[in-house]
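See structure below.
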Amino acid sequence: MDEIRYYMEENLLSVGPDDTAAKAARSMLGHKVGSLLVKSRENEYIGIVTEGDLSRKIIAQSRDPEKTRVREVMSQPIHSIESSRLMPTALIQMNKNHIRHLAVTDGGKIVGLLSINDFIAYYANLYSRNKPAAESSGPVA
């Protein structure tokens, strides 16, 4: 139950490299996500664009998001991890690479995304499994 596959987001959202940063930001807002995969015309994932990319590479540099293309601000290469790996391994990899989003693969194919927020569900689940019985019985009257 500690495998990444149980905590990743399977709904892969993407944007094209020639789309504007503004379009990517609106898509993230509309879907309530912090990243989008960047998909080429050949249907290959070539990068990832995150809220951090938009903040550091658009806002902080006073660039026009309506004129800046995703390809100019996306992160490459896409960091990934196999879905069968354990969550602590993913957290270590994210920390080591200073990233908050990690592509999840199965046999080398991207099948999901793991974000730093997914660790909330993981650690809540871990805590509830390891909580002593006295703590889980609820309030005492």
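Throughout, read-outs are computed from the coordinates displayed, never taken from laboratory work. Please read all numbers here as calculations on a predicted model, not as lab measurements. Here the Cβ is made from the backbone with ideal geometry for all residues, glycine too, and neighbour counts use every protein chain on show.
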Which residue, chosen from SER14, SER40, ASN130, occupies the Cα position most advanced towards the positive end of the dipole of the range 4-131, where the dipole is computed from +1 (Lys, Arg) and -1 (Asp, Glu) charges on Cβ about the Cα centre? ASN130
Value of [θ]222 nm, deg cm²/dmol, for the chain, DSSP H segments ≥ 4, -39500 (n - 2.57) each, nearest 500: -9000 deg cm²/dmol
For the chain, what is the relative contact order in percent, using Cα pairs closer than 8 Å and at least 6 residues apart in sequence? 27
When THR50, THR89 are ranked with the fewest other C-beta atoms within 10 Å first, the list becomes THR89, THR50
Quantify how much of the Cα-Cα distance distribution of the chain extends past 27 Å, in percent. 30
How large is ³J(HN,Hα) for each residue in the range 89-98, as worked out from phi by the Karplus curve 6.51 cos²θ - 1.76 cosθ + 1.60 (θ = phi - 60°), to whole Hz, x for Gly and Pro? 5, 5, 5, 4, 5, 5, 5, 4, 9, 6
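Using the Cα atoms as the points, what is the convex hull volume per residue of the range 1-79 in Å³? Please report the intermediate quantities before stating the final value.
Working: hull volume 7.8 nm³, N = 79.
Looking at the range 1-79, the number lands at 99 Å³ per residue.
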Between the range 49-82 and the range 87-133, how far is it from one alpha carbon centroid to the other, in angstrom? 22
Any idea what the relative contact order of the range 59-124 is, in percent, if you count C-alpha pairs under 8 Å spaced at least 6 apart? 25
When each of LYS32/LYS96; LYS96/LYS131; LYS23/LYS67; LYS23/LYS57 is checked by Cα-Cα distance, pairs over 22 Å: LYS32/LYS96; LYS96/LYS131
